[in-house]
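Remarks on the structure that follows.
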Amino acid sequence: MTVTLVGAGPGDPDLLTVAAVRALSGAEVVVYDRPSADALVALAPPTAERHCVGLAPGRRALPQAEVNALLVELGRSGRAVVRLKSGDPFVASRGGEEAAALHAAGVPVAVVPGVSSALAAPAAAGIPLMLRQLSVTCTVVDGNDDPEHAAPPDWATLARLGGTLVILTGRGRMRRTAAQLVEHGLPGSTPVAAISGASRPEQRVLRGTLGALPAPLPPPVTFVVGAVAALDLTPAQEPHLAHP
């Protein structure tokens, strides 16, 4: 009775790991977040029980506590349960909370790492997170600052770190985040890239600065802040270095 947390990557089925495909192909139950994962869920046997627990047309998303309880119930059923998580299960996806709940309930948990959007989204947009001429550090931040967090992001410290910032799950707060980064010392001219639907057919990339943010894009959105965000090294472009 093991629940396997499987990293689904950024959305393109080709970016699933071999281990993820193997877990899905043997699943008797699949729990996933949104209909956008249907192409990945289709890798499970047609007989597998499916539970979509995220927001969908005509249906609210299950609160996290209810998702945890569902996983515990399913995990005790003796079936092969796959919990499909966007990106990597332990990177800004609440997989850690689910694993902790399962562990506390005595239900064994296995984890299959996935390609986090923190890495996949910049790569899909032609942005190298670390480039010696521009940045040799990269910091990944959960951009939410809701009460469930142990503490909100320390934007003052993050502004002083330099290098590249990758901001996940902070789409609705990005204007406030940019203002705090500027307040704490980053220039308003610092490049920003917003990547929506990374690796999917609907992928869109907009660029701007902390002082003139890109226009809002549909979720999921990954933000890259720093000099490298001005780069576009995708195949359609002539590689170049753009110094701010």
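Summary table below
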quantity	calculated
Residue check for T164: surrounded by 17 or more Cβ atoms within 10 Å (Cβ to Cβ) and under 22 Å from L186 (Cβ atoms)	yes
Given (1) in contact with a helix residue (DSSP H, G or I) (Cβ under 8 Å, 6 or more places away or on another chain); (2) among the hydroxyl-bearing types (S, T, Y); (3) in the same structural domain as L15 (by TED's automatic domain parsing), index of the condition S77 fails	(1)
Qualifying residue in segment 156-166 (condition: in contact with an Asp or Glu (Cβ under 7 Å, 6 or more places away or on another chain) and either modelled with pLDDT under 95 or under 20 Å from I127 (Cα atoms) (or both))	no
Tabulated pairs, segment 86-98, first free of Cβ contacts under 8 Å to residues at least 24 places away in the same chain, second basic (K, R), C-beta under 9 angstrom, 6+ apart or interchain	S93/K85
Positions within segment 195-207 being surrounded by fewer than 17 Cβ atoms within 10 Å (Cβ to Cβ) and either free of Cβ contacts under 8 Å to residues at least 60 places away in the same chain or over 29 Å from A56 (Cα atoms) (or both), in sequence order	P201, E202, R204, L206
Pairs with Cβ under 6 Å, 6+ apart, first in segment 208-237 and surrounded by fewer than 20 Cβ atoms within 10 Å (Cβ to Cβ), second outside any loop (DSSP other than H, G, I, E, B) and basic (K, R)	L217/R204; P219/R171
Positions within segment 201-215 being at pLDDT 95 or above and not aliphatic (A, V, I, L, M), in sequence order	Q203, R204, R207, G208, T209, G211, P214
Unique residue being under 15 Å from A27 (Cβ atoms) and not polar (S, T, N, Q) when the list is V72, V112	V112
Identity of the residue in segment 20-60, assigned to a helix (DSSP H, G or I), small (G, A, S) and touching a Pro at 6+ places or on another chain (Cβ under 8 Å), that ends up nearest to T222 (Cα to Cα)	A39
Any hit, segment 132-139, residues being in a strand (DSSP E or B), out of contact with any Asp or Glu (no Cβ under 8 Å at 6 or more places or on another chain), of a type in the set (V, I, T) and closer than 30 Å to V81 by Cβ	no
Check on P128, in a helix (DSSP H, G or I) and in the same structural domain as R171 (by TED's automatic domain parsing)	no
Residue check, V82 of a type in the set (V, I, T), crowded, with 20+ Cβ neighbours inside 10 Å and modelled with pLDDT of 95 or more	yes
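Yes/no matrix, rows are residues, columns are (1) under 18 Å from the mean Cα position of the chain (by Cα); (2) not small (G, A, S):
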residue: D38; (1), (2): yes, yes
residue: V53; (1), (2): yes, yes
residue: Q64; (1), (2): yes, yes
residue: G75; (1), (2): no, no
residue: A105; (1), (2): no, no
residue: S116; (1), (2): yes, no
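A quick yes/no check of all residues on (1) surrounded by fewer than 14 Cβ atoms within 10 Å (Cβ to Cβ); (2) modelled with pLDDT under 95; (3) not basic (K, R):
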residue	(1), (2), (3)
A27	no, no, yes
A39	yes, yes, yes
R60	yes, yes, no
E66	yes, no, yes
R76	no, no, no
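The values are calculated or read from the model by the stated rules, or taken from the named source; none is laboratory data. All figures in this text were calculated on a predicted structure; none of them were measured in a lab. Counting neighbours? That spans all protein chains shown, and the Cβs are built from the backbone with ideal geometry, glycine included.
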